[in-house]
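S.K.: Input: one structure, supplied below.
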Amino acid sequence: MDIKVIASDMDGTLLDAKGQMDLPRLEKILDQLDQKGIRFVIATGNEVYRMRELLGHLVDRVVLVVANGARIFEANQLIQAQTWDERIVEKAITHFNDRACQDQFVVTSMNGGFVKEGTVFTDLESFMTPEMIDKFYQRMHFVEELKPELFGGVLKMSMVVGEERSVAVLAEINDLFGGYVKAVSSGFGCIDILQDGIHKAWGLEELLKRWDLKAQQIMAFGDSENDVEMLEMAGIAYAMENADGKAKSVATALAPSNSQGGVYQVLEKWLEDEKCLSRYK
């Protein structure tokens, strides 16, 4: 079946080790995909503000599935959003309140990102440039208390607990909320807390219905646990060479690492092969 959608994660996948994107290289790929009628989807745990900064003038040319599927933007316009039940929001805030600063607890909402005053984000320099870190802090709302009325609807929550605590905290969250939310690793010792059933694959499924396409027509790229459902659904599923074991276990192929521009390499070769094949049809 012909591929009609390319879906890629960002951190650890399309972005390099410093969290940057090769825009000229991506633009050439988008030009070729447009000629073939293939859509390019970025599916990420990040919010739309960071994606707009990273993509610059290319933002109108891609579809954004952000906050791990909770919001979808097409042509840079919001087309769908899925928010949490307020009772679960209150339960989560109460549970994590005393350690919100320590665990770098973030509420990602329709009104932006919220953290408690005094939170200091560690290890950002491992995957962001100094300029990106400055913008990240500027976008974040630092508040004395996390209150549901601030948010306008919660899309996801996240924490940074370090690799050594990840397994224990994942189990804690998944036991606590009785199936309404699900905690997954997003790499770098980070944890995303998502509404159960709302993930990157859910966002892609909504787009497939909108476009009258099938999952087998997706080529997907990812590197971590929060990409698993997306890789499982795709007709062609690439895990990055730097991917974790869960992503690799469900992938159908392996791409070079993000530091080697693995997504670009695979797509450039695939597009060249497709061009060669078309000459013989």
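The values are calculated or read from the model by the stated rules, or taken from the named source; none is laboratory data. In this text the structure is predicted, and so the values were computed from the model without any measurement. Quick reminder, even Gly has a Cβ in these numbers, built from the backbone with ideal geometry, and neighbours come from all protein chains shown.
S.K.: Examine segment 190-202 for a residue that is of a type in the set (Val, Ile, Thr), in contact (Cβ under 8 Å) with a residue 12 or more places away in the chain, more than 13 Å from Ala247 (Cβ to Cβ) and in a helix (DSSP H, G or I), and state whether such a residue exists. If you could, list the steps in order and put the result at the bottom.
M.R.: Taking segment 190-202 first, the residues of a type in the set (Val, Ile, Thr) are 191, 193, 198.
Subset that is in contact (Cβ under 8 Å) with a residue 12 or more places away in the chain: 191, 193, 198.
Next, from what is left, pick out any that are more than 13 Å from Ala247 (Cβ to Cβ): 191, 193, 198.
With the extra rule that they be in a helix (DSSP H, G or I), the set shrinks to none.
Within segment 190-202, not a single residue is of a type in the set (Val, Ile, Thr), in contact (Cβ under 8 Å) with a residue 12 or more places away in the chain, more than 13 Å from Ala247 (Cβ to Cβ) and in a helix (DSSP H, G or I).
S.K.: Here is a follow-up. Exactly one condition in (1) part of a strand (DSSP E or B); (2) out of contact with any helix residue (DSSP H, G or I) (no Cβ under 7 Å at 6 or more places or on another chain); (3) of a type in the set (A, V, I, L, M, F, W, C) is not met by Cys101; state its number.
M.R.: Unmet for Cys101, out of (1) part of a strand (DSSP E or B); (2) out of contact with any helix residue (DSSP H, G or I) (no Cβ under 7 Å at 6 or more places or on another chain); (3) of a type in the set (A, V, I, L, M, F, W, C): (1).
S.K.: Can you confirm whether Ala70 is of a type outside the set (S, T, N, Q), over 30 Å from Phe177 (Cβ atoms) and either outside the structural domain of Met140 (by TED's automatic domain parsing) or in contact with a strand residue (DSSP E or B) (Cβ under 9 Å, 6 or more places away or on another chain) (or both)?
M.R.: Details: of a type outside the set (S, T, N, Q): yes; over 30 Å from Phe177 (Cβ atoms): no; either outside the structural domain of Met140 (by TED's automatic domain parsing) or in contact with a strand residue (DSSP E or B) (Cβ under 9 Å, 6 or more places away or on another chain) (or both): yes.
Considered against the rule, which asks whether it is of a type outside the set (S, T, N, Q), over 30 Å from Phe177 (Cβ atoms) and either outside the structural domain of Met140 (by TED's automatic domain parsing) or in contact with a strand residue (DSSP E or B) (Cβ under 9 Å, 6 or more places away or on another chain) (or both), Ala70 comes out as no.
S.K.: Listed residues Asp273, Asp223; which is touching a helix residue (DSSP H, G or I) at 6+ places or on another chain (Cβ under 9 Å) and either at pLDDT 95 or above or assigned by TED's automatic domain parsing to the domain that holds Asn46 (or both)? Working first, answer last.
M.R.: On the way: Asp273 fails: touching a helix residue (DSSP H, G or I) at 6+ places or on another chain (Cβ under 9 Å).
Result of the check over Asp273, Asp223: Asp223.
S.K.: Tell me, which residue of segment 174-189 that is among the small types (Gly, Ala, Ser) and either assigned to a strand (DSSP E or B) or touching a residue at least 12 places away in the same chain (Cβ under 8 Å) (or both) is surrounded by the fewest Cβ atoms within 10 Å (Cβ to Cβ)? Write out each step before concluding.
M.R.: Initially, segment 174-189 is screened for residues among the small types (Gly, Ala, Ser), giving 178-179, 183, 185-187, 189.
Then drop every residue that is not either assigned to a strand (DSSP E or B) or touching a residue at least 12 places away in the same chain (Cβ under 8 Å) (or both), which leaves 179, 183, 185-187, 189.
Working: Gly179: 8, Ala183: 24, Ser185: 20, Ser186: 25, Gly187: 24, Gly189: 19.
Only one residue tops the list, namely Gly179.
S.K.: Taking segment 109-132 as the search range and keeping residues that are within 22 Å of Thr13 (Cα to Cα) and under 18 Å from the mean Cα position of the chain (by Cα), which one is modelled with the highest pLDDT?
M.R.: Per the criteria, the residue is Met132.
S.K.: What is the one condition in (1) charged (D, E, K, R); (2) within 20 Å of the chain's Cα centre (by Cα); (3) over 23 Å from Gly37 (Cβ atoms) that Glu172 does not satisfy?
M.R.: Condition not satisfied by Glu172: (2).
S.K.: Among the listed residues Ala81, Ala70, Ala75, which satisfies the condition of being out of contact with any Asp or Glu (no Cβ under 7 Å at 6 or more places or on another chain) and surrounded by fewer than 21 Cβ atoms within 10 Å (Cβ to Cβ)?
M.R.: Numbers: Ala70 fails: surrounded by fewer than 21 Cβ atoms within 10 Å (Cβ to Cβ); Ala75 fails: out of contact with any Asp or Glu (no Cβ under 7 Å at 6 or more places or on another chain).
It is Ala81.
S.K.: Something else about it: Filter segment 80-98 for residues that are in contact with a helix residue (DSSP H, G or I) (Cβ under 8 Å, 6 or more places away or on another chain) and more than 28 Å from Gly162 (Cβ to Cβ) and give the result.
M.R.: Gln80, Gln82, Glu86
S.K.: Do we have Gln102 as in the same structural domain as Ile133 (by TED's automatic domain parsing) and either at negative phi or more than 18 Å from the chain's Cα centre (by Cα) (or both) here?
M.R.: Numbers: in the same structural domain as Ile133 (by TED's automatic domain parsing): yes; either at negative phi or more than 18 Å from the chain's Cα centre (by Cα) (or both): yes.
It is true that Gln102 is in the same structural domain as Ile133 (by TED's automatic domain parsing) and either at negative phi or more than 18 Å from the chain's Cα centre (by Cα) (or both).
S.K.: Let me ask another. Does Arg50 qualify as being of a type in the set (D, E, K, R), in contact with a Leu (Cβ under 8 Å, 6 or more places away or on another chain) and closer than 30 Å to Leu271 by Cβ? Before you say what the answer is, go through the steps one by one.
M.R.: On the way: of a type in the set (D, E, K, R): yes; in contact with a Leu (Cβ under 8 Å, 6 or more places away or on another chain): no; closer than 30 Å to Leu271 by Cβ: yes.
It is false that Arg50 is of a type in the set (D, E, K, R), in contact with a Leu (Cβ under 8 Å, 6 or more places away or on another chain) and closer than 30 Å to Leu271 by Cβ.
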